[in-house]
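One structure below.
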Amino acid sequence: MNDIEIAPSILSADFGYLMKDIKDIEPFCKFLHLDVMDGHYVPNLTIGVPVIKTIRKHTDMIFDCHLMITDPGKYIEPFAAAGCDYITFHIECSDDIEGLCNKIRALGKKAGIAIHPDTPIETIYPYLPYADLVLIMSVRPGFGGQSYMDGSTERISLVRAELDKIGSDAILSVDGGINMSTIKEAHDAGAKLLVAGSAVFGKEDQGKAVRDLIECALQ
Ligand code: DX5
Ligand code: ZN
């Protein structure tokens, strides 16, 4: 894991030319962020297992799957079988966080825990030892193209400090509203894996958009 990685979110890609969009950014990114929404936990529906299984055939990128679904425990196996590498579920959607992380790891995958911006940040502290990835949501999950919420940077710093305190090497990731105006503060606060949808896909040169974001964060 480099000090900084961009995980482009295909939510903002052109689904009619999905592999073309992925190939544009592939040389500059290790991770690909896959947003799965169920219309229950979030008021939107997106992609699921069949799409992930299909794109798995055409790229070796690390699949960073973000499950925005109620009852994630029911769907871990199919997402693992589809080729996801990191499987991240919402802390708000499970009452057995440790068990779910163990289940993901038992399938040979990395376990991620995501936290909604309205959930007090301390809620996640007891579960950090079980996480391979922690995803701080900096928008209310459900849609791309929203603005980075006030207070997100402080939430990143607090979790960064907790991870360092327990000696965890879990990846700290942030998702929502990451662009040329916000990436530096999120990275400086300790996020290493920065999810970006609308700041990458739909841009005239999508590869350059990734390179520009990295350069901006490291300035
Ligand atoms: C939102 C998703 C995000 C989304 C980010 O619920 O989890 O991954 O694609 O989009 P931007 O980068 O446009 O805020
Ligand atoms: Zn996401």
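A few points about this structure:
- On the stretch given as segment 184-212, residues that are under 27 Å from F15 (Cβ atoms), of a type in the set (A, V, I, L, M, F, W, C) and away from ligand 2 (no atom under 16 Å from the Cβ) total 2.
- Test: residue in segment 196-211 that is open to solvent by 30 Å² or more (accessible area, probe 1.4 Å) and under 27 Å from Y130 (Cα atoms): no
- The residue that is surrounded by the most Cβ atoms within 10 Å (Cβ to Cβ), among those in segment 128-155 that are more than 15 Å from ligand 1 (Cβ to nearest atom) and under 15 Å from the mean Cα position of the chain (by Cα), is A131.
- Qualifying residues in segment 1-17 (those that are open to solvent by 20 Å² or more (accessible area, probe 1.4 Å) and out of contact with any Leu (no Cβ under 9 Å at 6 or more places or on another chain)) - the one nearest to ligand 2 (Cβ to nearest atom): S12
- Residue within segment 171-183 that is away from ligand 2 (no atom under 16 Å from the Cβ) and open to solvent by 50 Å² or more (accessible area, probe 1.4 Å) present: yes
- Of all residues in segment 118-131, none are within 24 Å of L32 (Cα to Cα) and touching a residue at least 60 places away in the same chain (Cβ under 8 Å).
- Of all residues assigned to segment 33-50, at least one qualifies as being in contact with a strand residue (DSSP E or B) (Cβ under 7 Å, 6 or more places away or on another chain) and within 24 Å of L218 (Cα to Cα).
- R56 being under 20 Å from V195 (Cα atoms) and of a type in the set (K, R): yes
- V159 away from ligand 2 (no atom under 16 Å from the Cβ) and in contact with a Cys (Cβ under 8 Å, 6 or more places away or on another chain): no
- Listed by position, the helices (runs of 4 or more DSSP H) contained in segment 136-219 that have at least 3 residues being of a type in the set (S, T, Y) are 152-165.
- Qualifying residue in segment 34-48 (condition: within 16 Å of ligand 1 (Cβ to nearest atom), in contact with a helix residue (DSSP H, G or I) (Cβ under 8 Å, 6 or more places away or on another chain) and among the aromatic types (F, W, Y)): yes
The values are calculated or read from the model by the stated rules, or taken from the named source; none is laboratory data. This is a predicted model, so every value here is computed, not measured. No Cβ is skipped: glycine too gets one built from the backbone with ideal geometry, and neighbour counts run over all protein chains shown. Heads up: the accessible areas ignore ligands, DNA and RNA and are worked out on the full protein's heavy atoms, side chains in. Shrake-Rupley method; radii C 1.70, N 1.55, O 1.52, S 1.80 Å.
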